[in-house]
Amino acid sequence: MINIKCFGIAKEIVDSDKASIERQTISVTDLRQHMNEQYKAFTQIKGYMVAVNQEYATDDQIINAGDEVAIIPPVSGG
Amino acid sequence: MINIKCFGIAKEIVDSDKASIERQTISVTDLRQHMNEQYKAFTQIKGYMVAVNQEYATDDQIINAGDEVAIIPPVSGG
Amino acid sequence: MNNSINVIISEDALSIDQVYQNAVHESCGGICLFVGTVRNHNKGKEVTHLDFETYTPMAVKEMKKIAEQAIEKFGVQQVSIFHRSGYVGIKDIAVIIAVSSVHRDACFEACQYAIDTLKETVPIWKKEHLEDGSYWVGARP
Amino acid sequence: MNNSINVIISEDALSIDQVYQNAVHESCGGICLFVGTVRNHNKGKEVTHLDFETYTPMAVKEMKKIAEQAIEKFGVQQVSIFHRSGYVGIKDIAVIIAVSSVHRDACFEACQYAIDTLKETVPIWKKEHLEDGSYWVGARP
């Protein structure tokens, strides 16, 4: 299972600070597609990055169960 | 009499924080020439500005007795 | 020269003096600090306060990267980056960045680089609370 | 917006917090501070301390001009410029400049303009004390 941390507006959309996908492995592109289908509101925000093990991930990167995965909506610190 | 405040290296050259010129009126250029003749060491520094009534003066400006006059060697604040 | 980096995300009020003390160095002639405070208005609306959510371990990593890049790009001495989490009121401090350098131009450039980059890459989110609602800043088109 | 200017020459140690409190403003999102400290070396020689001499009334006037120009040129909110006089030890603070603005680019530009101009126009003189003597900085060719 892929566990996904949700922050900011992503936490509001999912209505939880975590989500999960019942897969052992998934690409970032497929994770994004899966989440956007599961939660339509993701398509109405400005987009989001995916972080894997606390580093920004590329679209073709492969995520494995056990990786620390997070949805990173547009940041607004400072 | 024209009274002149001396700061920084000017104070060292004149060996006092003030100097004076026995005139009722003098141009900045003439004041500079007078001081440079009186204290040769002024010609060995990088030069200096003259302030009249706490404002930088131009060379052709006329100083009158009673004006607040100061020799401003290269500044080095900050 | 030994460079040093200090990076903190804090639930408590930030101390400018603490950040300054972390950045000051006897070989340096200047320190540039940027202090980001909460404005009482944004886009014509009155703001009551902010709430910062942070992905803390990743945010700390990204802040360290910024500090390292600032040292590498601008040859500065010390870089400290402190950011608040949680409730932050009007005029309160959201972020402090301090950079020391031997000559002053470098500390200005590095400090500006650090705050500009922080706003682009560090996983921290600001919820702006207005009198009639609240929203996540920058999230919607 | 009411701009305000604070300009001080002080015989006592400068407080960053005091300068900050003079510059912070609830309509502003950022404050840039420059803190000039005394380096322990200059041109390969070890520095023991500095002595600042000031033509105080004129220096205050020139510092006010700089603050007014910074507001006019960069549209910033508040400008505070504090400068020490007398004996200043290594790592001690010689000058603090703080500038607040609604958007942050302006406060960086205005703060850098203020310190650059201060070093050119404000009648303050620095005597650098080395282990084997002392000299007025910048006075000789």
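Taken over the stretch C:18-29, the criterion of being facing chain D (nearest Cβ under 7 Å) and modelled with pLDDT under 95 is satisfied by C:VAL24, C:GLU26, C:SER27, C:CYS28, C:GLY29.
Does the stretch B:1-28 hold any residues that are more than 18 Å from B:GLY66 (Cα to Cα) and of a type outside the set (Lys, Arg), and which are they? Across the stretch B:1-28, the qualifying residues are B:PHE7, B:GLY8, B:ILE9, B:ALA10, B:GLU12, B:ILE13, B:VAL14, B:ASP15, B:SER16.
Scanning the stretch C:112-129 for residues that are touching a residue at least 24 places away in the same chain (Cβ under 8 Å) and charged (D, E, K, R), we see that the one that is nearest to the other protein chains (Cβ to nearest Cβ) is C:LYS126. Of all the listed residues (B:LYS18, B:LYS11), the sole one being within 14 Å of another protein chain (Cβ to nearest Cβ) and surrounded by fewer than 14 Cβ atoms within 10 Å (Cβ to Cβ) is B:LYS18.
So if I check each of A:ASP60, A:ASP67, which one is part of a loop (DSSP other than H, G, I, E, B), away from chain C (no Cβ under 14 Å) and either surrounded by 18 or more Cβ atoms within 10 Å (Cβ to Cβ) or of a type in the set (Asp, Glu) (or both)?
A:ASP60
Does the stretch D:11-33 include one or more residues that are among the β-branched types (Val, Ile, Thr), assigned to a strand (DSSP E or B) and over 12 Å from C:ILE16 (Cα atoms)? Looking through the stretch D:11-33, none of the residues is among the β-branched types (Val, Ile, Thr), assigned to a strand (DSSP E or B) and over 12 Å from C:ILE16 (Cα atoms).
Looking only at residues of the stretch D:55-73 that are crowded, with 22+ Cβ neighbours inside 10 Å and out of contact with any helix residue (DSSP H, G or I) (no Cβ under 8 Å at 6 or more places or on another chain), we find that the one that is farthest from D:ASP132 (Cα to Cα) is D:MET58. Residues in the stretch C:96-107 that are in contact with a helix residue (DSSP H, G or I) (Cβ under 7 Å, 6 or more places away or on another chain) and crowded, with 24+ Cβ neighbours inside 10 Å: C:ILE96, C:ILE97, C:ALA98, C:VAL99, C:SER100, C:SER101. Within the stretch C:67-111, if we keep just the residues that are under 12 Å from the mean Cα position of the chain (by Cα) and away from every other protein chain (no Cβ under 11 Å), the residue that is farthest from D:SER100 (Cα to Cα) turns out to be C:ALA67. Scanning the stretch B:1-49 for residues that are in a loop (DSSP other than H, G, I, E, B) and over 9 Å from the mean Cα position of the chain (by Cα) returns B:MET1, B:PHE7, B:ASP15, B:SER16, B:ASP17, B:GLU22, B:ARG23, B:GLN24, B:TYR39, B:ILE45, B:LYS46, B:GLY47.
Quick one: is D:LEU50 surrounded by 19 or more Cβ atoms within 10 Å (Cβ to Cβ), in contact with a strand residue (DSSP E or B) (Cβ under 8 Å, 6 or more places away or on another chain), at pLDDT 95 or above and within 18 Å of C:CYS107 (Cβ to Cβ)? No, not satisfied. When the test is whether a residue is in contact (Cβ under 8 Å) with a residue 60 or more places away in the chain and either in contact with a Cys (Cβ under 8 Å, 6 or more places away or on another chain) or under 13 Å from C:ILE31 (Cα atoms) (or both), C:ILE96 passes it. In the stretch B:25-57, of all residues being of a type in the set (Val, Ile, Thr) and closer than 23 Å to D:GLU53 by Cα, the one that is surrounded by the most Cβ atoms within 10 Å (Cβ to Cβ) corresponds to B:VAL50.
Any chance you could count how many residues in the stretch D:22-32 are touching a helix residue (DSSP H, G or I) at 6+ places or on another chain (Cβ under 7 Å) and crowded, with 23+ Cβ neighbours inside 10 Å? Steps first, please.
Taking the stretch D:22-32 first, the residues touching a helix residue (DSSP H, G or I) at 6+ places or on another chain (Cβ under 7 Å) are D:29-32.
Pick out the ones that are also crowded, with 23+ Cβ neighbours inside 10 Å and you get D:30-32.
Number of matching residues: 3.
Could you check, for the stretch D:17-39, whether at least one of its residues is more than 26 Å from B:MET49 (Cα to Cα), acidic (Asp, Glu) and touching a residue at least 12 places away in the same chain (Cβ under 8 Å)? For the stretch D:17-39, residues more than 26 Å from B:MET49 (Cα to Cα), acidic (Asp, Glu) and touching a residue at least 12 places away in the same chain (Cβ under 8 Å): absent.
The requirement of being of a type in the set (Val, Ile, Thr), within 21 Å of B:SER76 (Cβ to Cβ) and modelled with pLDDT of 95 or more is fulfilled somewhere in the stretch B:31-44, by at least one residue. Would you point out the residue of the stretch D:130-141, among those that are small (Gly, Ala, Ser) and either more than 9 Å from chain B (Cβ to nearest Cβ) or farther than 24 Å from D:ASN40 by Cβ (or both), that is surrounded by the fewest Cβ atoms within 10 Å (Cβ to Cβ)? My answer is D:GLY133.
The values are calculated or read from the model by the stated rules, or taken from the named source; none is laboratory data. For clarity, every value in this text was computed on a predicted model and none was experimentally measured. Positions of Cβ are backbone-derived with ideal geometry, glycine not excepted, and every protein chain shown enters the neighbour counts.
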